[in-house]
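Working notes, beginning with the structure itself.
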Ligand code: PFF
């Protein structure tokens with residue numbers, strides 16, 4: 001810790017750090033959002049573009065964010081202002097950190113609503129309601145839920161309270177230790193689901209849909225969605241990974257650890273897809289049904305497989321847990337920022353931030369029922385028909401996260417000296433040159449190209 005200006009706690013081990021990063025990365029994005037986006041975008045072409053984005057954009061940006069955090073040793077906003085001052089770069093780079101806090105606020109507001117759905121479905125599976133469900137009744141169960149703002153609000157509130165409680169007490173470390181057993185358990189349950197899916201008649205069709213691309217389905221919008229999701233699923237462009245990097249000790253190999261996180265995150269998403277699409281095809285469901293997809297498919301599996309009620313409860317509980325660790329990582333930077341900017345202590349700052357998130361979440365709750373016809377930006381053709389929930393998702397995943405992530409990688413690859421970057425990344429000459437090339441050209445140009453094609457063409 002020699003050159004570091006203040007005593008900033010360090011991760012006890014590489015494992016603790018990896019667990020925190022995986023805890024943030026693996027969440028609803030992998031199990032709820034990835035499958036429904038695949039379904040809305042027409043299948044494997046989206047998946048392949050997503051994988052390319054993860055490798056060529058997500059991985060180098062994740063490494064850049066950790067590297068900046070480790071150098072800055074402070075919260076993201078302070079880190080960016082400190083490093084830019086030291087390297088005599090514009091103060092505007094601080095906006096990278098500000099964008100992160102705002103993005104975290106917007107994302108958590110709707111993330112918590114979906115966390116509430118996962119809580120409700122834990123209760124449903126415990127009640128035995130899934131036994132012998134049909135595709136119609138599973139659809140009715142979900143649409144009935146969406147039509148009840150009161151229930152959605154209640155469980156959104158419960159999810160927010162769970163998140164606030166942990167952040168307020170500063171006890172996220174305990175959850176990270178729990179993640180060590182619970183994340184692998186989630187992986188195992190997904191494998192059980194894939195094995196079940198393999199016994200259904202739609203398995204081949206499902207796997208084919210996921211991995212055999214129909215390139216005619218590809219267009220600028222699909223590519224933008226795939227790239228945006230790469231940012232979302234890896235928790236990039238939020239300053240969160242930057243904040244984690246500030247706790248990273250100098251001997252941790254950033255490249256290797258980033259690869260571990262990226263691979264785990266991707267495997268979980270692909271397993272979720274392999275569990276869900278065979279069920280979609282076996283039951284004649286609509287792959288493009290949107291955010292309700294896992295809630296309309298998995299109950300069918302749990303209702304029909306042996307031991308399904310036990311697996312169902314366990315699965316939804318683990319999903320809640322995964323969502324919870326991600327939500328904590330979203331609330332934390334908002335609270336830190338508020339604590340620093342105001343006279344509030346941690347408890348006060350957590351309550352104010354939590355309440356503000358909860359309040360915006362109410363708009364997402366209403367998007368699924370009373371306000372389902374309200375399109376705030378409907379006068380623009382591009383946003384026609386988008387509810388508040390759709391807009392929050394669009395603005396964060398497709399605009400804010402890529403822009404802040406882009407700024408982070410440009411800063412590292414263009415504004416910092418090659419040697420300084422090199423000294424942070426413990427890599428061979430060849431690997432570093434390749435990494436630097438990707439970080440300088442491929443990742444930023446990739447983000448820009450996808451942007452232009454997705455937003456304007
Ligand atoms: N990566 C999380 C997921 O896939 O569920 C969601 C998330 C967490 C997004 C933190 C952004 C973030 F900063």
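The values are calculated or read from the model by the stated rules, or taken from the named source; none is laboratory data. Since the model is a prediction, treat every value here as computed from it, not as a measurement. Counting neighbours? That spans all protein chains shown, and the Cβs are built from the backbone with ideal geometry, glycine included.
Would you check which residues across the stretch 189-207 are without any contact (Cβ under 8 Å) to a residue 60 or more places away in the chain and either crowded, with 20+ Cβ neighbours inside 10 Å or over 14 Å from residue 281 (Cα atoms) (or both) and list them?
195 - this is the single residue of the stretch 189-207 that is without any contact (Cβ under 8 Å) to a residue 60 or more places away in the chain and either crowded, with 20+ Cβ neighbours inside 10 Å or over 14 Å from residue 281 (Cα atoms) (or both).
Only one of 271, 259 is in a helix (DSSP H, G or I), surrounded by fewer than 24 Cβ atoms within 10 Å (Cβ to Cβ), at pLDDT 95 or above and within 16 Å of the ligand (Cβ to nearest atom). Can you tell me which?
Matching residue, one of 271, 259: 271.
Among 443, 413, 431, which is in a helix (DSSP H, G or I), over 25 Å from the mean Cα position of the chain (by Cα), over 25 Å from residue 105 (Cβ atoms) and in contact (Cβ under 8 Å) with a residue 24 or more places away in the chain?
Sole residue among the options that is in a helix (DSSP H, G or I), over 25 Å from the mean Cα position of the chain (by Cα), over 25 Å from residue 105 (Cβ atoms) and in contact (Cβ under 8 Å) with a residue 24 or more places away in the chain: 431.
Kindly evaluate residue 310 against the criterion of being surrounded by fewer than 23 Cβ atoms within 10 Å (Cβ to Cβ), in a helix (DSSP H, G or I), touching a residue at least 12 places away in the same chain (Cβ under 8 Å) and over 19 Å from the mean Cα position of the chain (by Cα).
Answer is no for this residue.
Filtering the stretch 246-256 down to residues that are more than 29 Å from residue 274 (Cα to Cα) and touching a residue at least 24 places away in the same chain (Cβ under 8 Å), which residue is farthest from the ligand (Cβ to nearest atom)?
Checked the stretch 246-256; the qualifying residue farthest from the ligand (Cβ to nearest atom) is 250.
Restricting to the stretch 211-245, what's the tally of residues that are within 15 Å of the ligand (Cβ to nearest atom), assigned to a loop (DSSP other than H, G, I, E, B) and at negative phi?
Within the stretch 211-245, residues that are within 15 Å of the ligand (Cβ to nearest atom), assigned to a loop (DSSP other than H, G, I, E, B) and at negative phi number 3.
Among (1) out of contact with any helix residue (DSSP H, G or I) (no Cβ under 7 Å at 6 or more places or on another chain); (2) at pLDDT 95 or above; (3) assigned to a helix (DSSP H, G or I), which single condition is residue 343 missing?
Tallying (1) out of contact with any helix residue (DSSP H, G or I) (no Cβ under 7 Å at 6 or more places or on another chain); (2) at pLDDT 95 or above; (3) assigned to a helix (DSSP H, G or I), residue 343 fails exactly one: (3).
Hey, can you tell me all the residues within the stretch 361-383 that are surrounded by fewer than 17 Cβ atoms within 10 Å (Cβ to Cβ), in a helix (DSSP H, G or I) and touching a helix residue (DSSP H, G or I) at 6+ places or on another chain (Cβ under 9 Å)?
382, 383
Identify, from the list 215, 155, the residue that is surrounded by fewer than 18 Cβ atoms within 10 Å (Cβ to Cβ), more than 22 Å from residue 335 (Cβ to Cβ) and touching a helix residue (DSSP H, G or I) at 6+ places or on another chain (Cβ under 6 Å).
Every option except 215 fails the conditions.
One residue is enough: does the stretch 196-217 have a residue meeting the conditions at pLDDT 95 or above and closer than 30 Å to residue 15 by Cα?
Among the residues of the stretch 196-217, not one is at pLDDT 95 or above and closer than 30 Å to residue 15 by Cα, which makes the answer no.
Out of all the residues in the stretch 294-307, which are in a helix (DSSP H, G or I) and surrounded by fewer than 22 Cβ atoms within 10 Å (Cβ to Cβ)?
Once the filter is applied, which keeps residues that are in a helix (DSSP H, G or I) and surrounded by fewer than 22 Cβ atoms within 10 Å (Cβ to Cβ), the stretch 294-307 yields 303, 304.
Assess whether residue 116 counts as being away from the ligand (no atom under 14 Å from the Cβ), crowded, with 23+ Cβ neighbours inside 10 Å, closer than 28 Å to residue 154 by Cα and in contact (Cβ under 8 Å) with a residue 40 or more places away in the chain.
Yes, satisfied.
Could you tell me whether the stretch 281-293 includes any residue that is within 16 Å of the ligand (Cβ to nearest atom) and either at pLDDT 95 or above or surrounded by fewer than 24 Cβ atoms within 10 Å (Cβ to Cβ) (or both)?
For the stretch 281-293, residues within 16 Å of the ligand (Cβ to nearest atom) and either at pLDDT 95 or above or surrounded by fewer than 24 Cβ atoms within 10 Å (Cβ to Cβ) (or both): present.
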